[in-house]
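Here it is: the structure, laid out below.
The values are calculated or read from the model by the stated rules, or taken from the named source; none is laboratory data. Just so you know, these numbers come straight off a predicted model, no measurement behind them. Here the Cβ is made from the backbone with ideal geometry for all residues, glycine too, and neighbour counts use every protein chain on show.
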């Protein structure tokens, strides 16, 4: 089965036209669905280990154009995750207070503590995407932000944050069909705004901005995954698979940490004098 393309070495250039937006032909949907369920169970176990060991945290970044499926990915892929160990944050237009700080200030506040997962629906990359396309800041400023983002993400990685960044790659035609579908479905029309269509007029500008962000900020410590997003169930499967594969190398260390912690807890119980427990042991 195909896998998302991984950008982790800062290529000099990147063309999104070289990457598919849809699933391969002749995929076995039943087989994918069965594997997706296995992945969900594995991810739930990984989160339990992550939460208990509390030696690392996980940050999942979702980027993509309108209708690419950021909300849907969170809803479906993370359905097996215990909410107590995970937060989802959506970054919209910066507030006055946020604009009074550096552009990473609001992002850093939402990064996960050890043992926790965090999902970013949009992220620090809005400041090299929207800010660039709409000319909200001069070219010289947004160009410097690639380096700041790389340094920020490297600092997070050095402090135990496991980063996965997903670009949900949807085609222009599929986006059009999804926007039209929202117009026709009264239960989903609330998601649609005039700006969704107006932003579409800047499609080429956004693609150029995404290509630069993917190329300049695809690093070994914070790789980009380019996920075909025209078919929703295939998109969800690829994201789940990437998360599980990324966390797999940490499982044994987390299990050892929890085993050591369990032994410590038992020693503490044996050394403690708790009347009710002592009476139960003697019975």
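Quick one: which residue in 214, 168, 192 is at pLDDT below 95, crowded, with 17+ Cβ neighbours inside 10 Å and under 21 Å from residue 130 (Cβ atoms)?
Of 214, 168, 192, the one residue that is at pLDDT below 95, crowded, with 17+ Cβ neighbours inside 10 Å and under 21 Å from residue 130 (Cβ atoms) is 192.
What are the pairs, 6+ residues apart or on separate chains, where a residue within segment 232-243 that is at negative phi and without any contact (Cβ under 8 Å) to a residue 24 or more places away in the chain has its Cβ under 7 Å from a residue that is assigned to a helix (DSSP H, G or I) and crowded, with 24+ Cβ neighbours inside 10 Å?
No pair meets every condition.
Within segment 17-38, track down each residue that is in a loop (DSSP other than H, G, I, E, B), in contact (Cβ under 8 Å) with a residue 40 or more places away in the chain and either closer than 16 Å to residue 242 by Cβ or more than 23 Å from the chain's Cα centre (by Cα) (or both).
19, 20, 23, 27
Oh, and also: State yes or no: is residue 54 modelled with pLDDT under 95 and surrounded by 12 or more Cβ atoms within 10 Å (Cβ to Cβ)?
Values: modelled with pLDDT under 95: no; surrounded by 12 or more Cβ atoms within 10 Å (Cβ to Cβ): yes.
Against the criterion (modelled with pLDDT under 95 and surrounded by 12 or more Cβ atoms within 10 Å (Cβ to Cβ)), residue 54 does not qualify.
Matching residues to (1) closer than 14 Å to residue 223 by Cα; (2) touching a residue at least 60 places away in the same chain (Cβ under 8 Å); (3) outside any loop (DSSP other than H, G, I, E, B):
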{"position": "131", "(1), (2), (3)": "no, no, yes"}
{"position": "137", "(1), (2), (3)": "no, no, no"}
{"position": "143", "(1), (2), (3)": "no, no, yes"}
{"position": "155", "(1), (2), (3)": "no, no, yes"}
{"position": "163", "(1), (2), (3)": "yes, yes, yes"}
{"position": "174", "(1), (2), (3)": "no, yes, yes"}
{"position": "178", "(1), (2), (3)": "no, yes, yes"}
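Could you tell me whether residue 233 is farther than 18 Å from residue 161 by Cβ, modelled with pLDDT of 95 or more, surrounded by fewer than 19 Cβ atoms within 10 Å (Cβ to Cβ) and within 18 Å of the chain's Cα centre (by Cα)? Full working, then the answer.
Numbers: farther than 18 Å from residue 161 by Cβ: yes; modelled with pLDDT of 95 or more: yes; surrounded by fewer than 19 Cβ atoms within 10 Å (Cβ to Cβ): yes; within 18 Å of the chain's Cα centre (by Cα): yes.
So residue 233 fits the description; yes.
Also: Quick one: how many residues across segment 142-180 are over 21 Å from residue 4 (Cβ atoms) and touching a helix residue (DSSP H, G or I) at 6+ places or on another chain (Cβ under 8 Å)? Before you say what the answer is, go through the steps one by one.
First, the residues of segment 142-180 that are over 21 Å from residue 4 (Cβ atoms): 142-148, 151-152, 154-156, 158-160, 176-177, 179-180.
Next, from what is left, pick out any that are touching a helix residue (DSSP H, G or I) at 6+ places or on another chain (Cβ under 8 Å): 142, 145-146, 152, 176, 179.
Count: 6.
Here's something else I'd like to know. State whether one or more residues within segment 78-96 are buried (at least 18 other Cβ atoms within 10 Å of the Cβ), in contact with a helix residue (DSSP H, G or I) (Cβ under 9 Å, 6 or more places away or on another chain) and either under 17 Å from residue 237 (Cα atoms) or in contact (Cβ under 8 Å) with a residue 40 or more places away in the chain (or both).
Looking through segment 78-96, at least one residue is buried (at least 18 other Cβ atoms within 10 Å of the Cβ), in contact with a helix residue (DSSP H, G or I) (Cβ under 9 Å, 6 or more places away or on another chain) and either under 17 Å from residue 237 (Cα atoms) or in contact (Cβ under 8 Å) with a residue 40 or more places away in the chain (or both).
Looking at the structure I just gave you, is residue 247 assigned to a helix (DSSP H, G or I) and over 20 Å from residue 74 (Cβ atoms)? I'd like the intermediate steps shown before the answer.
Working: assigned to a helix (DSSP H, G or I): yes; over 20 Å from residue 74 (Cβ atoms): no.
It is false that residue 247 is assigned to a helix (DSSP H, G or I) and over 20 Å from residue 74 (Cβ atoms).
Could you run through segment 190-207 and say how many residues are in a helix (DSSP H, G or I), over 25 Å from residue 60 (Cβ atoms) and either free of Cβ contacts under 8 Å to residues at least 24 places away in the same chain or in contact with a strand residue (DSSP E or B) (Cβ under 8 Å, 6 or more places away or on another chain) (or both)? Give the derivation first.
Here is the first cut: in segment 190-207, the ones in a helix (DSSP H, G or I) are 190-191, 194-200, 203-207.
Of the ones still in play, those that are also over 25 Å from residue 60 (Cβ atoms) are 190, 194-195, 197-198, 200, 203-205.
Still in the running and either free of Cβ contacts under 8 Å to residues at least 24 places away in the same chain or in contact with a strand residue (DSSP E or B) (Cβ under 8 Å, 6 or more places away or on another chain) (or both): 190, 194-195, 197-198, 204.
Total satisfying the criteria: 6.
In this structure, is residue 49 farther than 17 Å from residue 84 by Cα and modelled with pLDDT of 95 or more? Give the derivation first.
On the way: farther than 17 Å from residue 84 by Cα: no; modelled with pLDDT of 95 or more: yes.
No: the conditions fail for residue 49.
Return the residues of segment 117-129 that are in a helix (DSSP H, G or I) and either modelled with pLDDT under 95 or under 15 Å from the mean Cα position of the chain (by Cα) (or both); say none if nothing qualifies.
Step one: list which residues in segment 117-129 are in a helix (DSSP H, G or I), which gives 124-128.
Correct list: 124, 125, 126.
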